[in-house]
Every structure is written in structure tokens, then in C-alpha cells.
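Everything below concerns the one structure shown next.
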Amino acid sequence: MLEARRNLLAVVLDTLVPASAGFPGAGAIALDHVLAAAAASPEVDALLSDGLSAVDDAARAAGGVGLAPLGQDDRERVLRRIEQSHPAFFDSLVRCAYDGYYSHPTIVARLGLDPGPLHPRGHRLAPEEPPDLARVIARGPIYRRA
Amino acid sequence: MAADDRTDVLVIGAGASGAAVTWRLAGAGVRVVCLEQGDWVDPRAYPHWRADWELHRHTDWSAEPNVRRLPQDYPVNDTGSSISPLMYNAVGGSTIHWSAHFPRFRPSDFRVRSLDGVADDWPIDYATLEPFFDLNDRMMGVAGITGDPAYPPKSARQTPPIPLDTLGATMARGFDRLGWHWWPSDSAILTRDYDGRRACINCGPCDLGCPTGAKASTDVTYWPKALALGARLVTRARVREITLGPDGLAGGALYFDREGRLHEQKAHTVVIAANGVGTPRLLLNSRSARFPDGLANRSGLVGRNLMFHPYAMVRGLFDERLHGLRGPLGCSIISQEFYETDLSRGFVRGYSFQVARGLSPIASATGGSVGDRVPWGREHRRHYDTRFDRTLTVAVIGEDLPEPENRVDIDPTLTDGHGIPAPRVSYTLSENSRRMLDHGIARAREALEAAGAREVAVNPLLRAGGWHLMGTARMGRDPATSVIDPEGRCHDVPNLYIVDGSTMVTCAAVNPTSTIQAVALYVADGIVRRRS
Ligand SMILES: Cc1cc2nc3c(=O)[nH]c(=O)nc-3n(C[C@H](O)[C@H](O)[C@H](O)COP(=O)(O)OP(=O)(O)OC[C@H]3O[C@@H](n4cnc5c(N)ncnc54)[C@H](O)[C@@H]3O)c2cc1C
């Protein structure tokens, strides 16, 4: 049962953020984050369970044996129906999926950033010339004397 | 109940204003005790030390107490407000989270009634506060450049300005093309080592705290000095109410310690520095036969005239990468082109543009302050890649006018972890503010397009934008129309002072903390003068 929920969730996540342009899909990357969020909160867990059941039902009603065998377009059609019928579930799932995906070191590195902690490394910036403010200064004071 | 020794001055709240006042009083040899409901923040606890730092912005490091829900937080019922109040409860107060954008109010901001016929004049002016602005700048450490024609000449800034970098320079070009004012932000963020603190390493998210100590949160500026001067700071000490003696003077405060035990701290003088929501809450919870409607509230104005700065967010999308993840998040440049009143624009008073940095990886997906989530599905990657590190947000920060219906009062049922009644916030954006923001949105769009943006997205009013909490115990000469006098003393209780954001008569169109702290130092100076 748990395994089935996990597999379905992975397929849903891959539909939300499919593998593309050298980026892996969210099924591999964000799954643990979404499951951890559900494990940390009974409300989130219940929302997730209900939502996934609805996805499964909708996928079967669409003529298949579930979401996994469908192609990306058909999966998207199923999920768009669920987005309408279960807005709270869907909204929090997308939010959580994006959180998990875009905080994962693999994705952060793929975006061209250093995936480690920001501190103490920070960012090195090239020294700047003082900005040219001559035009702004030339206008003279723009405040009201009071 | 344990009773502590009577002290000269009791300060309630260890944030921006409480720290400044405590330091000034301790330096004058006054015995000061400060009670703070939060704790010290260990710089190693900031999310910057973790690879998943960004996740913490919406959980344990959220600026919203209702999201964060730490034991030292109190809940705020904000369902009747179009803006959510943000704050932090710790040594350093909300400066732990702040972006340290550090503009001053302008001279005209203290003369709103005389110049524009709205709201009220302050009973003090820019010239009176100027030495305190300067003193506060030295204590906090300000990066910037003097010579801004939007202000009277200022004293030298402590360090050079924060870097414009690609993003700031791009926007400056837009303002230049239109012939509009812009200037590198005055920021309380060190760009060189100063006063024993280290320079900024440009890591980015100042809103999650600053592990370097370059950002001037008062736990690293005023507090070490105040403690060295002998001030006593009691943390995890939550004040329930201010006590009143038979003489009608404040006698001290009742507070819960970290074990939940009730104490009384007696004092000759009490100074409240609990911020624009915490201060009216405390006064309204301090009821007695003499003050059945809340302490120092004969005017009925405690909690009223709440001002936020309403913010509209206007985000431009550019073709090139802007490197917007490096450098202090909240500041790069500011424009005050539309600051002073021009009635032909359809509203009174004005606004500033603040140019923030870019969107971090998660915020790029969720839309950040504009909230336009990148679509999911097949199109996701293309949309995301078009947006990531190619956006620049111009914040329109408008001057709110004081209105009595916008207020903090006590929620009939909600309480904090100690059972103390919690505040309720009611706030509606006024017609004047709406017109002002709409004007700002249109002008920001123009500026972004002039800078090269090919698309512009707008959030007409940022809900999670209640950074500035002001006006709820306003200063004035007339006890019927104000809570404190021009010296910061409550009209109704002469040994009770207020120094935080609630003192503000009007809120100007810039971030308030530089001015809040200058007022706090000015009030402290008066307390010292009157004692000698
Ligand atoms: C995310 C964020 C970004 C910001 N960015 C900027 C910026 O760039 N520039 C700017 O000028 N301003 C900014 N601000 C606002 C700035 O932080 C505040 O204006 C400033 O801190 C207000 O100072 P204060 O002394 O009024 O209150 P605070 O600094 O909020 O301090 C109040 C203190 O009182 C304590 N307290 C309250 N009630 C009690 C009680 N009953 N018992 C004991 N202690 C109590 C609180 O725990 C808190 O520590 C920002 C704020 C936030 C949240």
C-alpha cells in the first residue's frame, strides 16, 4: 500500500516537473521531500492520501490501469482535472514539489550555482568603479525644505 | 510571585529601539533592565549554514509569527487585514530579519499637515533629529554615498555603498534613460570591516539573518556595548502587563520567565519598545480601575492609526542573466522621483522605488513576491529557465496615511503560550494609497521597460509585506489626539515612555528603522537630561 502510494506520487511528481533539457524529473528529486512533509504533519498526510486516491480514480476512469502507463499529455489531462476538483491538495503538492526540487543539490548545481551552504563562502564580486551619479546630482535638490 | 529589585529604568523589548535606548541610558550611568520575550540568536543557527537554506524562509525562519510559531512568538489575528504583520521576537527584535535598507525620513515628512493639509505634523523635526540620525548611523554602520539630492547633506557614511552589480546597474540605466532620480541605497550593512564587525560577503538572503554580523541587527551593534556599560538584559521574559502605582505612575511590569514563573520588575521609569503591534497589545492588556480601556489610553488612540507601508511589486523579465543572487537581497538602489506631493498625480504624498535583488531557485518557481507560479507540466522547464536569474523586482513603497479604523486591538479569544490575550489587526488599504500604488506600478513598468525588460509582472498589493509597524501610540502635543508627548512620555502616565515604531505620527515613503532609532535616541537623551 505504502509502496503503491510512493510509486504513484513519483509519477505525479514526474508529470509536474518532467525530465527535460538535462534536468531530472521531480519523481526522483522531490519525492523524499514531499514524503517528509507528509510524515511531519497528519493534516498534510491526509491531504496527500486523499489527493492521490483521487488521482488514481481519475486515471482509472480515463480508461487506463492507473496514471503510470499513460503518456505525459494524458497524465497532464488527469492532473488538470484534479487541480480543479481538489484545489487545496493540488496547490500544496505543487508548492511542496517545487520546494523539494529547487532546494535539491542536484538541481541547484544544474542551475549553475554552488549547491552547498551560502555561509561562509558568500559570493565574490569584482571591485566596482563608483557609480556615475553626475546626471542625478546635476538636477540639484529634489526635496522640499520644511 | 518573585519581586526583583527596583531599577532606574525598565525597557520592554530588545529590538531596534529598545537596544538603542538601553545603550544610551546605560552610557549615562542609569541602571537599566531590559525584558525581552525572545532569546539571543546563535549566528550558527542561521539557515545560511545549510544547503537547504531557502526552505527555511517559509517555515522556522519565516518573518510571519503565525507561520513560524516559535514558543517566544505570539499569534496575531490578521484575518481582518489586507497586509500581514511581520516581526521577529529575539534580542535584536525584527532587525534579525530585516533587510537593513536604511533611508532617513526627509524634512517634509515631519510637516505633512502644514505642507499637504493631511494627517498631522510631528512635534519634532528633521533638524532636531539630525544629530541622533548621525549617532545611530555610527552605531549601526551605514554603507552609502553622500550627496544624494533627495536629502539635505548627510554626514559621511561609514563604508562605501553596497555593490550595484549587474542587476543594480541595469536598473540604474533605466532610471537614467528616463531622467529620473536614483541613488545607491543607504544600507546598514558593512562593505568594509568596521567597529569590530566584519564586512558583508554578499551571500544574499539578509532576510534570514546575517551569520557574518555585517548586517546591523542590534544584537551585534548596540547590545554588546550596552551590556559592557552595565545594562542587564533578561531574555525569555515576556511582559504580561505594566503595573500602576497608587500615585498613577507606572511601577514596573509583571512578566513570565522562561520557566513560566511570574515576576515583578519594579522601576522608577518604564520604557516600552515592543513594536507597533506589541506595544498597543501590552498597553491594552494593562487595564486598571484608573485606565479601564488600557494604560495611557484616555485618548482612545492606543492601537489606532496603524500604518504599514503598502507595497506593490513590479517584476521585469530580462533576456540576460542579472546575477541577482549575489549581494544583499533587499537593497541595491532607490529612486525617489515621485516622493513629494504632486496633486496632479491624483493622490497626496508619494512613494519610493526600492530595487531588490533577484529570485532564488525556489522563489523563481513560486513567483516570489509577485506570486505567479511557473506552470507545471511539459512547459515547466522552458518557463523556469526563461525566468531564473533574469528578473529584477522594483518595490513600490507608498506612504500610508494614519486612519483610526486601521488598528490593533485585543482579540477576544486568541492567546499566546502564557495565556496572555493576543492582538488582532484590522487594516484596509485607503483610496489614496491605492491610487498612489497604481501610479507607482505604471511608472515602475516604464522604468523596467527603459532598463530593457521584455515582460513585466505585477502584484498590486503584497500581503506578506507588513514589515513596518507604525503609528499605534502616536506622538503629539495634544493629549486628545496623541498618546505620547514630544518627549516620548505618555500624556496620561508621565514616567511611562514609548520609543518604538508605534510613536510615528506619519510614516513617510521609506523604511522606518533609521528614523525609529533616531527618535528612540532623542527620547533617551531627554530621560537622561531630566534625571540630571
Ligand atoms: C523581514 C523584515 C525586513 C525588514 N526590512 C527592513 C528594512 O530593510 N529597513 C527598515 O528600516 N526596516 C525593515 N524592517 C522593519 C524593522 O525591522 C523594524 O522597523 C524595527 O525592527 C522596529 O523596531 P522596534 O523597536 O519598533 O521593534 P522590534 O525590532 O520588532 O522589537 C520589538 C521587541 O519587543 C519584544 N517584545 C514585544 N512584546 C514583548 C513583551 N510583551 N515582553 C517582552 N518583550 C516583548 C519583541 O520580542 C521584540 O524583540 C524589516 C522587518 C522585517 C520583519
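The values are calculated or read from the model by the stated rules, or taken from the named source; none is laboratory data. Since we're looking at a predicted model, the values are computed, not measured. Virtual Cβ from ideal backbone geometry, glycine too; neighbours counted across all protein chains shown. We work out accessible area using only protein heavy atoms, side chains counted, and drop any ligands, DNA or RNA first. Shrake-Rupley method; radii C 1.70, N 1.55, O 1.52, S 1.80 Å.
Odds and ends about this structure:
- Once you reduce region A:13-67 and region B:342-383 to the center of their Cα atoms, the two points are 28 Å from each other.
- Chain B: antiparallel DSSP beta bridges as a percent of all, rounded to 5: 65
- Local electrostatic count, B:Ala26, Cβ distance below 12 Å [Lys/Arg +1, Asp/Glu -1]: +3
- Peptide B:411-421 - average C-beta neighbours from other chains (10 Å radius): 0
- Equivalent ellipsoid semi-axes, chain B, via Cα gyration tensor eigenvalues times 5, rooted, Å: 36, 24, 23
- Tensor-based shape of region B:1-74 (alpha-carbon gyration tensor, a/c under 1.5 rounded, otherwise prolate or oblate): prolate
- With helices as the sole contributors, chain B gives -7000 deg cm²/dmol at 222 nm; each DSSP H run of n ≥ 4 counts as -39500 (n - 2.57), and the sum is divided by every residue.
- All distinct Cα pairs of chain A go into the 1/r average, and the inverse of that average, the Kirkwood radius, is 18.3 Å.
- Shown for region B:322-472 is the translational diffusion coefficient from the Stokes-Einstein equation, using the Kirkwood radius over Cα pairs, a temperature of 20 °C and a viscosity of 1.002 mPa s: 120 µm²/s.
- For region A:2-110, relative contact order (Cα pairs under 8 Å, six or more residues apart, normalised by length) works out to 31 percent.
- Shielding by partners, peptide A:31-38 (average Cβ within 10 angstrom, other chains): 0
- DSSP assigns beta bridges within the protein assembly as shown; of those with both partners inside it, close to 65 percent run antiparallel.
- For region B:214-308, the list of GluC sites (Glu not before Pro) that fall in a loop by DSSP and count at most 11 other C-beta atoms within 10 angstrom reads B:Glu259.
- Rounded to the nearest whole Hz, the Karplus-based 3J(HN,Hα) values (6.51 cos²θ - 1.76 cosθ + 1.60, θ = phi - 60°) of region B:419-435 follow the sequence x, 7, x, 9, x, 10, 10, 10, 8, 10, 5, 7, 4, 4, 5, 4, 5, with x at glycine and proline.
- Cβ-defined net charge surrounding B:Pro494, 14 Å radius [Lys, Arg +1; Asp, Glu -1]: +1
- Under a model in which nothing but the beta-carbon of Lys, Arg (+1) and Asp, Glu (-1) is charged, the protein assembly as shown shows a dipole of about 860 debye around its Cα centre.
- Rounded to the nearest 10 Å², the accessible area of B:Cys200 at probe 1.4 Å: 40
- Environment charge at B:Val510 (Cβ cut-off 11 Å; Lys +1, Arg +1, Asp -1, Glu -1): -1
- Cβ-derived FRET efficiency at R0 60 Å, A:Ile137 paired with A:Asp32, nearest 0.05: 0.65
- Reducing region B:213-255 and region B:113-147 to their Cα centroids gives an inter-centroid distance of 25 Å.
- Heavy-atom accessible area, probed at 1.4 angstrom with all protein chains present, ranks B:Ser344, A:Ser20, B:Ser114 as B:Ser344, B:Ser114, A:Ser20, highest first.
- Using 0.36 nm per residue and subtracting the Cα-Cα separation, the extra length available between B:Arg373 and B:Glu446 on full extension is 23.9 nm.
- Computed from the Cα positions only, the extents of the protein assembly as shown along the three principal axes stand at 84, 64, 47 Å, in decreasing order.
- Normalised size of region B:85-195, defined as Cα radius of gyration per 2.2 N^0.38 Å with N residues, equals 1.23.
- This model, with +1 at the C-beta of Lys and Arg and -1 at the C-beta of Asp and Glu, gives region A:1-76 a dipole about its Cα centre of some 140 debye.
- When shorter helices are ignored and each DSSP H run of at least 4 residues is given -39500 (n - 2.57), the per-residue value for chain A at 222 nm works out to -19000 deg cm²/dmol.
- Here the extension length gained between B:Trp40 and B:Asp195 equals 53.7 nm, from 0.36 nm per residue of separation less the Cα-Cα distance.
- Each peptide in B:412-425, B:435-448 gets a packing score, the mean of other Cβ atoms within 10 Å over its residues, and the list from highest to lowest is B:435-448, B:412-425.
- Label-to-label distance, nm, for residues given as B:Arg232 and A:Asp91 (7 Å Cα→Cβ offset): 5.0
- For peptides B:295-301, B:382-388, sequence by mean Cβ density within 10 Å, most packed first: B:295-301, B:382-388
- Furthest towards positive pole of dipole, B:Tyr339, B:Trp223, B:Ile397, structure part the protein assembly as shown, Cβ charges: B:Trp223
- Amide N of region A:116-146 lying under 11 Å from the label point, which is placed 7 angstrom from the Cα of B:Ser114 along Cα→Cβ: A:145-146
- Using a probe of 1.4 Å on the protein chains alone, the accessible area found for B:Ser532 is around 120 Å².
- Since only A:Ser20, A:Leu52, A:Ser41 are under comparison, the one whose Cα sits farthest along the positive direction of the charge dipole of region A:2-110, derived from C-beta charges on Lys, Arg, Asp and Glu, is A:Ser20.
- Euclidean distance between Cα centres, region A:68-131 to region B:411-467, Å: 25
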